[in-house]
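Trainee: Here it is: the structure, laid out below.
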Amino acid sequence: MDGKGAWRDNVFVERLWRSIKYEEVYLRAYASVSEARASIVVDHILHLAGANRPPGKEGFTADNVDYAERILATFRPRGTGASFHYASTTKVTRDDGYGSSKKAGEELVARCGPAAGWATAICRLPNLFGKWCRPHYNSFVATFVEEAAQGQPFSINDPASPVELLNIDDLIDMYLAALAKPEDTGVRYVTNFPTSQTTVGEVSSLIESFRQNHERPELPAVGTGLSKQLNATFLSYLEQTQRVFSLKRFSSETGSFCELFKATQFGQVSALIIEPGASRGNHYHHTKVKNFHLALGQVKLIECDIRGGETLVRTINAGESFWTQPGWVHTLTSTGESSAVLVIWANEIFDQVRPDTFRASN
C-alpha cells in the first residue's frame, strides 16, 4: 500500500487486512531475482494510497500519479489472474489539483497495467464512510459522528446538498469478491457500488437521533440500510465511558422492574427481579402478550381464566420461557433461595393511557 505510512489513516486498511487474512484470500508476495533486474512478484495489488489534501500542490502528482508509477515499476504479476486495483474517485472530472491528478493516475494505470500483464480495475469511489475514518479530513460523516460523540454542533454548510455514500464494509466485500474471481487482462472501470443517495441534512438528522437516544431504552430503526451503517459508525466513535449508562429502575420490597429496550416496530424488553418469597403480576391483558424468560432462580406460575374455572399452577426453572395467555391472570412467586431474574418481551410499548393491564379481582 503506501510505503510512506499514509495508509494508516485509510478508513478500511485494517478491516481489509483482517478480512484477507481470516477469509483465506491470500496476497502472497515473494522475491524473484534474475540476472537482469530484481522485481517483486505478487498475486494482487490494491493501490489505495493517494492524497486529496497534500501540504503543497506538487503532492497531488507525487502521491496520485508518481507513486502509482513506482508501484507498477516495482511489482510484477504472478501469472494469469493477477490483478491491479487502483482507487480513484468520482471527482476525476473536477478541474482542480485532486481531480486532475487522479485522472492522470487513471490514464497511467490504464496504459501501463495491461501492458505489464495485470487485470486492471480502476475504481471511481464515491464518498466513503465507516469506522476508523479520520474526522476533519475527507469524510464529513466522520466529522459529524465525532462532533456528535463530543456533544458539539454539526458543521453544516448546505443541509440540502445531495451526497452519495458508500459504506467501507460494502467496498471491502467488493474487493474480496474481485480478488477471489479476477478478470482477464485488460482495463475495467468500476462505477457501480451499493451506495445510498441522501443529503447532508438527512445524515446529520440521523446522527443527531443516535446522539439523543443512545442512553435511553428507545431504540432507533437501525436494522437495515443507511441508518444501520451510520449508527454503527456513530457508536464506533464513542469514548469508552460513553458506552456505559444507567436506566430508570422501579424498586420495592418485592423486587425491581426496568425497561431495557423499546421500539414501536417490535415492542418492549424489560427486566424483572423478584425477591425470594415475593410475588409479582396478579393481572391480565386482553391483546397485549408477553414472553417471560427465567434467567436465574425458580418461580411458581399461577394462572387462571378470568371467566372462572380451574387454576393452573406450575414450576418454571431457570432457562425456561413461557407466554402469557390473553384473558388469563398470571402471578409469579419466587420460590428459589435467590432472587428470580426474568427477561420479558411485550408486543407493545407500555401506554399509560391504554395500558391493557388489569388487576385481578380477588
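The values are calculated or read from the model by the stated rules, or taken from the named source; none is laboratory data. Worth saying up front: this structure is predicted, and the values here are computed from it rather than measured. When we count neighbours, we look across all protein chains shown, and the Cβ atoms used for this are built from the backbone with ideal geometry, even at glycine.
Trainee: Consider S39 carefully, then state whether it is more than 27 Å from S196 (Cβ to Cβ), surrounded by 13 or more Cβ atoms within 10 Å (Cβ to Cβ), modelled with pLDDT under 85 and assigned by TED's automatic domain parsing to the domain that holds L171.
Mentor: Yes: the conditions hold for S39.
Trainee: Could you tell me whether the stretch 100-117 includes any residue that is in a helix (DSSP H, G or I), over 25 Å from the mean Cα position of the chain (by Cα) and either under 30 Å from E239 (Cα atoms) or of a type in the set (V, I, T) (or both)?
Mentor: Within the stretch 100-117, one or more residues are in a helix (DSSP H, G or I), over 25 Å from the mean Cα position of the chain (by Cα) and either under 30 Å from E239 (Cα atoms) or of a type in the set (V, I, T) (or both).
Trainee: Scan the stretch 136-185 residue by residue and report those that are over 30 Å from A119 (Cα atoms), charged (D, E, K, R) and out of contact with any Ser or Thr (no Cβ under 8 Å at 6 or more places or on another chain).
Mentor: E146, D158
Trainee: I need the strands (runs of 3 or more DSSP E) fully contained in the stretch 321-362, keeping only those with at least 2 residues that are at negative phi, surrounded by fewer than 17 Cβ atoms within 10 Å (Cβ to Cβ) and modelled with pLDDT of 95 or more.
Mentor: It comes to 321-323.
Trainee: Being part of a helix (DSSP H, G or I), more than 28 Å from R78 (Cα to Cα) and of a type outside the set (A, V, I, L, M), is that true of even one residue in the stretch 185-202?
Mentor: Within the stretch 185-202 (the criterion being part of a helix (DSSP H, G or I), more than 28 Å from R78 (Cα to Cα) and of a type outside the set (A, V, I, L, M)), the answer is yes, since at least one residue qualifies.
Trainee: Among the residues of the stretch 221-246, what is the count of those that are touching a residue at least 24 places away in the same chain (Cβ under 8 Å) and within 14 Å of F261 (Cα to Cα)?
Mentor: The qualifying residues number 2.
Trainee: Are any of the residues in the stretch 70-78 within 25 Å of I172 (Cα to Cα), of a type outside the set (G, A, S) and in contact with a helix residue (DSSP H, G or I) (Cβ under 7 Å, 6 or more places away or on another chain)?
Mentor: yes
Trainee: Just one of the numbered conditions (1) within 20 Å of R211 (Cβ to Cβ); (2) surrounded by fewer than 18 Cβ atoms within 10 Å (Cβ to Cβ); (3) out of contact with any helix residue (DSSP H, G or I) (no Cβ under 6 Å at 6 or more places or on another chain) is not true of E147; which one?
Mentor: (2)
Trainee: If V92 passes every condition in (1) over 32 Å from the mean Cα position of the chain (by Cα); (2) of a type in the set (A, V, I, L, M); (3) surrounded by fewer than 20 Cβ atoms within 10 Å (Cβ to Cβ) but one, which one does it miss?
Mentor: Evaluating V92 over (1) over 32 Å from the mean Cα position of the chain (by Cα); (2) of a type in the set (A, V, I, L, M); (3) surrounded by fewer than 20 Cβ atoms within 10 Å (Cβ to Cβ) leaves (1) as the failure.
Trainee: Then there's this: Got a number for residues in the stretch 210-262 being farther than 30 Å from L165 by Cα, assigned to a loop (DSSP other than H, G, I, E, B) and of a type in the set (K, R)?
Mentor: Total meeting the criteria: 1.
Conditions (1) of a type outside the set (D, E); (2) within 15 Å of N282 (Cβ to Cβ), marked per residue:
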site	(1), (2)
I302	yes, yes
G309	yes, no
V313	yes, yes
G319	yes, no
T335	yes, no
S339	yes, no
F350	yes, no
D356	no, no
S361	yes, yes
